[in-house]
1. Collect the residues in segment B:70-93 that are touching a Phe, Trp or Tyr at 6+ places or on another chain (Cβ under 6 Å), within 14 Å of chain A (Cβ to nearest Cβ) and assigned to a helix (DSSP H, G or I), keeping them in residue-number order.
2. Within segment A:69-104, which residues are among the polar types (S, T, N, Q) and more than 8 Å from chain B (Cβ to nearest Cβ)?
3. Restrict the check to segment B:123-141 and report whether at least one residue is in a helix (DSSP H, G or I) and open to solvent by 50 Å² or more (accessible area, probe 1.4 Å).
4. Taking residue A:109, is it under 17 Å from the mean Cα position of the chain (by Cα) and within 13 Å of another protein chain (Cβ to nearest Cβ)?
5. Pairs please, first residue from segment B:306-327 and within 12 Å of chain A (Cβ to nearest Cβ) and in contact (Cβ under 8 Å) with a residue 12 or more places away in the chain, second anywhere and assigned to a helix (DSSP H, G or I) and of a type in the set (Lys, Arg), Cβ atoms under 8 Å, 6+ apart in sequence or on different chains.
6. Kindly check whether there is at least one residue in segment A:184-198 that is open to solvent by less than 20 Å² (accessible area, probe 1.4 Å), in contact (Cβ under 8 Å) with a residue 40 or more places away in the chain, in contact with an Asp or Glu (Cβ under 9 Å, 6 or more places away or on another chain) and on the phi < 0 side of the Ramachandran plot.
7. Report whether or not residue A:80 is crowded, with 21+ Cβ neighbours inside 10 Å, on the phi < 0 side of the Ramachandran plot, of a type in the set (Gly, Ala, Ser) and modelled with pLDDT under 90.
8. Residue pairs, Cβ under 8 Å, 6 or more apart or interchain, first in segment A:274-285 and within 14 Å of residue B:143 (Cβ to Cβ) and facing chain B (nearest Cβ under 9 Å), second assigned to a helix (DSSP H, G or I) and aromatic (Phe, Trp, Tyr). List them.
Amino acid sequence: MDADAGLLINAVISGLLIGGFYAAVSIGVAISFGMLDIVNIAHPAFILLGSYAAFIGNTVFGIDPILATVITLPAFYVLGMLAYQVYYVAFERRDDQSLRGLSFFFGILFIAEVGLILAFGVDYRSVQAWYTTGNLNLGITELPWRLLVPFLLGLAMVVGLQLFLSRTFIGRAIQAVAQDQQALRLMAANPAKIKRIAFGLSFATAALGGAALIIIQPVEPSIGREYIGRIFAICVLGGLGSFPGMVIAAVTLGIVETITATFFGPSWAPAVSFGVLLITLAVRPSGILGR
Amino acid sequence: MVSSVVKAEEEREGLRGLSNLAFVGVLILVAVAIFGITLWIGQSFAFFAAYVVVQYIVLGTAWNILGGYTGYVNFGIAAFFALGAYSTVVMHKLTPWMPLPVMVLVGGVLAGLVGLGTGYLTLRLRGVFFSIATLALAVVVQTLFTNWDFVGGARGAYVVPPRFAPLIGGPYVEYLFILMLGLCVAALATARAIERSALGYGFAAIRDDEAAAEASGVPTLRLKLIATVLSGAFMGMAGAPLPYYVSYLDPTSGFNLNYAVNAIAMPLIGGTSNWVGPVVGAVLVGGLQQYVSVTISSAVNVLITGLLLVGFVVLAPQGIVGLFQRRRR
């Protein structure tokens, strides 16, 4: 009984930390899907691209994995703007987002994945830094740095983006696009231009999310697929477009998954997100903090 | 009045004027001819390759019944397909005397029921939620089978096919090929019958403007569920003979990426507006893949299909069939 309680507490703590990491990988989709209404299911593939950027920076140039992805942020931003431009011209303007727009990102997902396989092979890759081993000793419990650093990175991203969206002019314009595109157009602002910036930002978060991912676990090109269900479950559960809701959902899913992995075995954990997603869609599709 | 215009237009072209029954007859003749040609080639590779292409016609047509006709995108093809395949593995262990066509039907019913359940929970919402749910469905069904020791778990299960085919003699792959041709005839006949029925007009109304359709009294949820069940059932049936075809089934091969990519790419490349599109897409892309996997590699296969998919949805949204229709007008 006591051992069970100890296991439970440990599972909750590591679930909490993993939840912060989930926030780091989900925030891009919270922007693209939640605010811009663009269902970018290829997002996990770009997170992996970020992981491999961190891997190259770390093994070839010997720099810190997070710093390596910070250097690539502008490249990801431009890539995101390009992707939105294609999406806008080919689908949004023709009002054909649902069937062909979704299939477009599905195709991108596989091109990115196979591209990574052809470039790096299917071996697991990992990075080295001072925080990839060792623990932070808090007396009552020990927190592995490997989980703590991605958790802090995730929180920093959420706080930073929240401040950007509420304090800056462009940030407020992005929120305006999310609320009412038509009204924005009447104010003589171009929604497509603002959405392009926001989508670029969403891609940029994928780079940092990728660094967090490769710190937590070794990566190979196809693990991105495991994150699709997880990320969208978090965004839907959190209520689309709400960062606080997303963080709560990410932590909840992290804890439920770790408890499932602890008591039923890790191979069952991927099923949790689907269960959460289905229950949310059936019971409360607007999410916990949805509008 | 509309229907008389449609009829008149249909009678201009030979094939379009056929009744459903006559169309099935034509399909069967074509299927027999294809089987004859494959037999005449006389190499077992021809059967293995042709089986895969015909399987993709079934998968693409099944996807198109929901995706092309109603506009709802199903990403969980692998889940439905593998459900059919694994139901065959279970029956192979429990009731090995059962004839394969019965196993195919059972696999279809199971996959249809899963489609019904997923659709019932998510189809009342916007279309994207259904698509996301099916994406997650593929992961969860794979998790279930990976953890289920009875069907081999992560290690996989051996399903040794009989040496000779029942009824016709010959190698077993010939029997599997006939079965798949039969499924193909059934899928194409169903798809075409839907297009020409009230059901098809209902589907098209949902695709064009769901709110308007609902307001005009189209029972949208019921129609979407019918499409999901039919589509899922055909995917399950297409997967059911797989264990006998590969003789060893593990989660990685049953849930292979290629099924999902191809089943979506082929209709979109061929054209989603009618039954011809998935056939054109499957024959062209499937044939190309058979060629590439022999000459180059199978990873390049997925890459080419992905590039073609993206290229077509961006540049030629009506697919190959659409390109030809536009030129004719």
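The values are calculated or read from the model by the stated rules, or taken from the named source; none is laboratory data. What you see is a predicted model, and the numbers here were worked out from it, not measured in a lab. All Cβ positions, glycine included, derive from the backbone under ideal geometry; neighbour counts span all protein chains shown. Each accessible area value is taken on the protein alone, full model and side chains, heavy atoms only, with ligands, DNA and RNA left out. Shrake-Rupley method; radii C 1.70, N 1.55, O 1.52, S 1.80 Å.
1. The answer is B:70, B:77, B:78.
2. Pass one, segment A:69-104, residues among the polar types (S, T, N, Q): A:69, A:72, A:85, A:97-98, A:103.
Result: A:69, A:72, A:85, A:97.
3. Among the residues of segment B:123-141, not one is in a helix (DSSP H, G or I) and open to solvent by 50 Å² or more (accessible area, probe 1.4 Å), which makes the answer no.
4. yes
5. B:313/A:100; B:318/B:326
6. yes
7. The answer is no for residue A:80.
8. Close Cβ pairs (under 8 Å, with a partner that is assigned to a helix (DSSP H, G or I) and aromatic (Phe, Trp, Tyr)) amount to A:277/A:232.
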